[in-house]
Every structure is written in C-alpha cells, then in structure tokens.
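*Asks:* Quick one: structure below, then a few questions.
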Amino acid sequence: MELHKFIKIDEDSRIPKYQQIVDSVIQNISLGIYKIDHKIPSINCLSEDLYLSRDTVEKAYSILKNRKIIASIRGKGFYISRTKLIKKLNILFLINKLSWYKMEIYHSFLNSIGPNAYIDLHIYHCDESLFLNILNKHVKAFDYYVIMPHFKTENLQHTYVTEAVTEALNKIPKTKLVLLDHDQIPIGDTNITVYQDFEKDIYNALKNGRKKIMKYKKIILIYPEKTIYPYPKQIKQGFIKFCVENHLDFDVLNQVYNDMVLLKGDLFITILEDDLVNLIEQIRHKEYVLGSDIGIISYNDTPLKALLGITVISTDFRIMGKTASHMILNNEKGKYKVPFNFIERNST
C-alpha cells in the first residue's frame, strides 16, 4: 500500500504543514487505513512526494515519535506503533513531588477525565533542570499540559517559578496549559488555573478555628526553612498575620527537635509528616493528653490523620483534580479557587 497517498496537505490552510502531516497520520489510523506495524514513507520520500522541506517532515515525525504513534527502526524506517490510544486526549501531568496529597489530585483528575484520555505522569522533584528537560522532551507532543509548579532555590528554599520556567511555559499554547496548586505564574489569564492561596487560606482557616485555638497559651508553627521539598513562605506569613491580629503568643520553629521542651497550653501546627509523628511520640512519652494539655493542627489532610483524629487545615485535593479535568472536558478557561478548610478533630 502506498501510504504516502493518504497524507494530504492543504496549501491554503493556516494550519502549519508539519501539523497537517501529524493530523493526517492520526486520521488515517482512526479510519483503519494505517494499522499497527505498517511502514510509512521515509522523511526524504515524503518530503519529495509532497514537495515539502525535509525539516517540515522531520518535525512532524518527531511529534509522532514523542507521542509514540510511530517508531523508527535503524536501517528499516518508520512504522505505526500505536493505534488504540489515537482517539484519546493525550495529557502530560507534571507534579513536583510524590506525596499522598499530590497523588490524591492526580487520581481525582484521572477518575474524572474518564477513559478517553491517556495521561503521562512525571515527577520532577522541585528541580528546575529536570522540569525543563521533561518539558523540552515532550514539547508539542500532548493535547494538554497539566503542571504543578513548585521549585527549590540553591539554598533549598521555595520559589513558585524561575525565569527559565516562565520562558518554557510561555512556549506552550495557552489553550493547552493547565496550572494547578497556585496562580503565581506571570503568563497571562487565558489558561486554566485551579489553585489555592497559601497565605489567605491558612489565615482564614485558623480564623475559622479561632474558638478552639484561643484556649491555648502559645501557638507554634513548625515551618521547615530548608528542605528537599520546600513549602511556600506565604504559609508562614498567613500564620503570623493571624497570630498578630489576635494578640496570640506565637513562635516559628524549623523542626520538632528530639527531647523538645513541651508545656501545657502549647498548640503546634506541623507541616511535615515526620514532625507530626515525632511530636505525637514525645507528647505520649511525656504523658500529656493530646487535645487537652497540648494541641496539634496538621497541614494537609490524609486518611491516616483522619483515622488518628488529627485536626487539620487543608485544601480539598479531590476538588482540585476534578475541577481541572472538568474544565478540560468542557473546554473552559479561567481560574478556580479551591476550598480550604479547618477540619476539627480530637487533637485540638
């Protein structure tokens, strides 16, 4: 079968010719004309047959290879390698770390987007170089790019974005870009953004839990200044704002130290799971009553915290993933602020 005859180029179309080649190959697969393991024309042959530059065909084939629609075998040429997923939405899903709540967002998104989507999950560990390498490798290969942008500086502090990241994100068409978790990327408002506001959220959540909080003599935030996966400084700022406005005695510590001095009337807000576990162990060892002598509020909810009766302040991660998928499926644009709650349990 002379497969090149089924690749059509419209000279009058405003669609780039390389994209027309991509679309034509996909269309032929969906119609059953191209089947798995069918050999397609070489770059040189197709460029000669269609009177196109070699660079144009090479760019089209590169996109098809990135999407794993075609594969190349050295010395033999290009072959159709994937047909079952051709009609599905192809989505690159980039998260900064592998935590329970990040995966809660991912699984909520996955369940909501439905079976007609192929999602390629990558984790870049808050590392700018790894993030850029993943993005550059998959440029123009997906229908949507769902990204949670959180990065660490050289001294292990949090930053929402870097100059290089902004430049890379600006290369993604706004109609294909979905930003999750915050809205601090300076690239305009035409994309989808589903976010939390770290400073206002913790401030408002603590305000909602003020009645419980005010029974304690001192409130202590355990905020890790330098860590492999740093947290936004706006969390600390929102905490301080709440304490100052309510005339509370407060402190900010970098971690829960071993053999920490604990006093009746202390209320701790922990962010890292290790600090939460360490603190609970020390409270039990010193025979204080949790929720009476000493209180704990944990940042970000998990099923285990619910099981243990730990009071939390947390965004709704399921809503974040579900909303992002619905906006994609409904071709919506704009911003959505995810609810953030004070969830009272036995630890306060």
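The values are calculated or read from the model by the stated rules, or taken from the named source; none is laboratory data. Computed from a predicted structure; not experimentally measured. So basically every Cβ, Gly included, is an ideal-geometry build from the backbone, and we count neighbours across all protein chains shown. Heavy atoms of the whole protein, side chains included, go into the accessibility calculation; ligands, DNA and RNA do not. Shrake-Rupley method; radii C 1.70, N 1.55, O 1.52, S 1.80 Å.
*Asks:* Considering only the range 17-37, how many residues are open to solvent by 60 Å² or more (accessible area, probe 1.4 Å) and part of a loop (DSSP other than H, G, I, E, B)?
*Replies:* The total comes to 4.
*Asks:* Being charged (D, E, K, R) and either open to solvent by less than 20 Å² (accessible area, probe 1.4 Å) or under 21 Å from F239 (Cβ atoms) (or both) is the filter here, so list the residues in the range 252-296 that pass it.
*Replies:* Scanning the range 252-296 gives D266, E273, D274, D275.
*Asks:* Next question, about the same structure. Within the range 166-203, track down each residue that is over 14 Å from the mean Cα position of the chain (by Cα), surrounded by 17 or more Cβ atoms within 10 Å (Cβ to Cβ), closer than 23 Å to K236 by Cβ and not hydroxyl-bearing (S, T, Y).
*Replies:* Scanning the range 166-203 gives D197, F198, E199, D201, I202.
*Asks:* Can K68 be described as within 22 Å of D120 (Cβ to Cβ), without any contact (Cβ under 8 Å) to a residue 40 or more places away in the chain and not in a helix (DSSP H, G or I)?
*Replies:* yes
*Asks:* Helices (runs of 4 or more DSSP H) wholly in the range 255-348 with at least 3 residues that are of a type outside the set (K, R) and under 19 Å from I202 (Cβ atoms) - which ones?
*Replies:* Qualifying helices (runs of 4 or more DSSP H): 273-285, 317-329.
*Asks:* Run down I213, I222, I235 and say which single residue is touching a strand residue (DSSP E or B) at 6+ places or on another chain (Cβ under 6 Å) and either of a type in the set (D, E) or open to solvent by less than 70 Å² (accessible area, probe 1.4 Å) (or both).
*Replies:* I222
*Asks:* Of everything in the range 109-121, what is modelled with pLDDT under 95 and either open to solvent by less than 50 Å² (accessible area, probe 1.4 Å) or hydrophobic (A, V, I, L, M, F, W, C) (or both)? Give them in sequence order.
*Replies:* Let us first name the residues in the range 109-121 that are modelled with pLDDT under 95, namely 110-121.
Passing the criteria: L110, S112, I113, G114, A117, I119, D120, L121.
*Asks:* Can you name the residue in the range 4-20 that is among the polar types (S, T, N, Q) and closer than 23 Å to S42 by Cβ and is also farthest from the chain's Cα centre (by Cα) among such residues?
*Replies:* Q20
Residues are listed down the side, and each one gets a yes or a no for (1) at pLDDT below 95; (2) of a type in the set (A, V, I, L, M, F, W, C):
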{"position": "V261", "(1), (2)": "yes, yes"}
{"position": "L267", "(1), (2)": "no, yes"}
{"position": "D275", "(1), (2)": "no, no"}
{"position": "I296", "(1), (2)": "no, yes"}
{"position": "K305", "(1), (2)": "no, no"}
{"position": "I328", "(1), (2)": "yes, yes"}
{"position": "K333", "(1), (2)": "yes, no"}
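*Asks:* Sticking with this one: Does the range 188-206 include one or more residues that are closer than 26 Å to K68 by Cβ and at pLDDT 90 or above?
*Replies:* yes
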